[in-house]
1. Considering every residue in A:194-202, what mean count of other chain Cβ atoms within 10 Å of its Cβ is obtained?
2. Can you give the average number of partner chain beta-carbon atoms within 10 Å of each beta-carbon in peptide B:93-103, as a whole number?
3. Please list the three semi-axes, largest first and in whole Å, of the ellipsoid equivalent to segment A:168-251, using sqrt of 5 times the eigenvalues of its alpha carbon gyration tensor.
4. Bins of 5 Å, beginning at zero and ending with the bin holding the largest distance: percent of Cα pairs per bin for segment B:12-156, please.
5. Collect residues whose amide H, placed 1.01 Å from N in the peptide plane, falls under 5 Å from the amide H of B:Asn112; neighbours closer than 5 in sequence don't count.
6. What lysines sit close enough to A:Lys289 to cross-link, taking a C-alpha to C-alpha distance under 24 Å and skipping anything fewer than 8 places away on the same chain?
7. Which helices, taking whole DSSP H runs in chain B, have alpha carbons extending 24 angstrom or more along the helix axis plus mean Kyte-Doolittle at least 1.0?
8. How far apart, in nm, are the 7 Å Cα→Cβ label points at A:Leu343 and A:Glu422?
Amino acid sequence: MRTITRRALLRSGLAWCAVAPWLKPLRADADTDAGQPAPQMAPGVTDTEIVLGMSAAFSGPSRGLGIELYRGATAYFDHVNEQGGIAGRNVMLKTYDDGYQPAPSVRNTLKLMLQDQVFLLFGYVGTPTVTRVLPMLKKFQDRNFFLFFPFTGAQPQREPPYGDFAFNLRSSYRQETAGLVDNFVRINRKRIAVFYQADAYGRSGWAGVRRALKHYGRQIAGEATYRRGTKFTASMRRQVEILKASQPEAVICIGSYAACAAFVRDAVNLGLQVPIANLSFVGSENLLKLLTHWALTEERGNSEQYTRLLVNSQVVPSYEEASMPAIKEYRDLMRRYNPQPPLELLKEPYLPSEHSFVSLEGFIDAKLMVEILRRLGDRPERSQLQQAVFTVQDFDLGIDERASFGPDRRQGLQQVYYTVVEEGRFVLLDNWEDRFA
Amino acid sequence: MKIQKLFQKTLFGVFSLFGLISLSTSVLCIYTVDTHLSEEYESNSKDIAKTIADSSVDILLNRDLSALQSLIDQFVEIQSIRYIYIADEEGEFVAHTFVPGVPEEIRTGDRNNTATVERSLPGMGDFVEVGSPILAGVAGTVHVGMDTDLIALKIQRAIGRQVYLISIILVVGVLAAIWFVNLAAKPLGDLLAYAVTLARDRDNGADDTLLARDDEVGQLARLFLYFSEGVPAEGEQRVSSGNDG
């Protein structure tokens with residue numbers, strides 16, 4: 001047994017006196033039993049929880065988007081919470097329904113920021129909603145509120161003056177539309193028409209197509225619009241007639257699933273036999289469900305005639321690619337937790353999809369969100385958020401692309417995938433020529 | 001009966017006067033409200049077009065068009081504004097609120113013209129369109145379409161409220177006039193009846209109530225009684241004046 005000599009005691013005493021003044025502040029942060037008042041937690045953070053705020057469509061014709069995004073994110077958050085959370089804190093999602101309408105979205109955001117005092121905003125759905133919320137983030141910039149991974153590929157949250165208040169994970173509509181135009185032009189389908197939602201989302205996609213066509217010295221061949229909130233039961237005959245008159249060789253739809261499914265239905269019925277592309281926001285599985293169900297109930301025979309010319313761009317890999325670790329984890333956790341939409345927000349019945357691109361996106365968003373929260377350490381502060389995001393460099397999410405962020409890079413992923421319907425499900429398109437040429 | 005005729009004439013006169021006042025006030029009110037509101041709607045729309053034009057410069061030059069669309073979507077929520085479109089310097093529609101598409105008349109029209117024009121768009125209705133140049137026109141133009149039917153409806157409502165008030169005043173005035181004329185005519189009617197009775201029965205026809213009145217009717221009643229009893233020699237008795245109580 002080692003004996004403590006008087007000299008050793010004196011030496012250690014002197015050493016303690018030398019370092020004590022510097023150690024004291026650190027101890028005050030860590031030690032709450034020493035009579036010091038416990039330092040205050042950041043808003044939205046308690047000893048047991050980190051609360052994130054989400055406003056999305058949980059009602060109306062686009063409710064499938066908010067619900068599926070929420071389900072995917074919840075599957076991962078539930079998993080993390082079951083494993084002990086982040087530094088002992090569970091991740092909680094405080095959700096509100098905005099029905100994909102700007103005014104409720106703004107009200108919900110105010111509530112989340114000022115009343116609920118959430119730690120950050122997460123998983124907002126839609127361009128018309130997010131573009132109205134962005135100025136509020138700027139207004140309250142002294143409180144360091146950030147919007148993480150909105151389900152929109154529009155530009156306003158990617159560029160000044162509001163780009164500094166949001167972090168995007170998914171590719172932009174500009175990238176999606178450019179990819180679609182490039183591929184259509186490559187297979188000699190150069191007369192491209194646009195069917196779009198008459199709002200900021202539609203305009204964002206329209207601008208993307210216009211920009212991409214300009215690159216080839218071409219213009220949009222024809223365009224038709226619809227009102228946000230249009231249901232599948234609505235007629236799109238006029239829109240189809242307008243586009244048909246422009247003799248397009250392909251149509252790019254910038255809309256949500258109900259209206260786009262109605263357009264596809266009427267386009268096929270009126271003989272517009274050209275490839276019809278949809279952006280990732282459309283909600284591919286819900287679109288397919290509507291068309292398949294309609295074909296069956298209307299006794300139109302096989303739904304294949306309505307789906308064979310569809311090509312949907314995606315911003316996450318196919319959920320069928322179980323060889324990717326994140327996809328396998330997604331499938332496992334969706335099966336295990338089978339997350340349900342928030343019951344208090346459900347105004348009408350909703351049949352969730354077992355797997356979907358939207359819920360997979362929500363899952364991957366949550367996965368990166370958890371990683372960022374972990375990087376904040378034991379005492380998360382909003383003021384540290386941006387710096388924590390910038391430490392995400394070449395980060396492996398478990399898909400075929402690594403995520404990176406930086407002061408000049410506020411979008412983590414860049415890849416766009418193209419899918420077509422085969423045997424009643426969306427699969428990756430491997431050859432555009434064979435399919436559409 | 002003379003009193004009734006007098007009453008009818010008075011009433012007719014009062015009614016005509018009130019009617020004339022009401023009619024002229026209503027016409028003036030309709031003209032004023034119509035002119036002012038029409039001018040105000042047009043002026044407001046021009047202000048909106050100018051506001052959008054001023055706000056659009058930065059967006060058109062530096063930002064994505066979705067921000068521009070978001071901007072006009074907020075303005076089109078204002079009642080009576082039915083459509084907004086923005087054409088760039090080359091005349092391309094870079095943002096608009098039309099569904100299912102830009103109408104033919106607007107597509108083929110002069111997009112650089114910012115003068116106020118009236119449009120009739122098939123399937124949409126009649127509109128007054130105002131315009132404003134963006135960056136003195138070198139960056140494009142903003143056009144705001146007001147629904148004339150909706151404006152007309154609003155003007156009609158505003159006018160309707162004023163005419164409704166005037167009509168109520170007319171009805172109340174006429175009813176009050178009837179009541180007042182009736183009030184004045186009733187003693188005259190009583191006096192006439194008294195005179196008739198007195199003429200028929202000079203000894204028992206006296207009406208104490210009428211004779212006790214201290215107004216012109218009382219004086220006339222006493223005068224009738226005096227005449228019915230036979231006129232005395234001059235200077236024998238003087239008819240009391242109206243001020244003797």
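1. Per-residue shielding by partner chains comes out at 4.
2. 6
3. Ellipsoid half-lengths, sorted descending, are 21, 18, 10 Å.
4. 2, 9, 18, 19, 16, 10, 7, 5, 4, 3, 3, 2, 1, 1, 0
5. Close amide H contacts, sequence-distant or interchain: none at all.
6. Leaving aside lysines fewer than 8 places away in the same chain, those within reach of A:Lys289 are A:Lys231, A:Lys328, A:Lys347.
7. B:148-200
8. Spacing of the two 7 Å Cα→Cβ label points: 4.1 nm.
Every number in this text was worked out from the coordinates using simple rules, so none of it is lab data. As the structure is a computational prediction, the values presented were derived from the model and not from experiment. Here the Cβ is made from the backbone with ideal geometry for all residues, glycine too, and neighbour counts use every protein chain on show.
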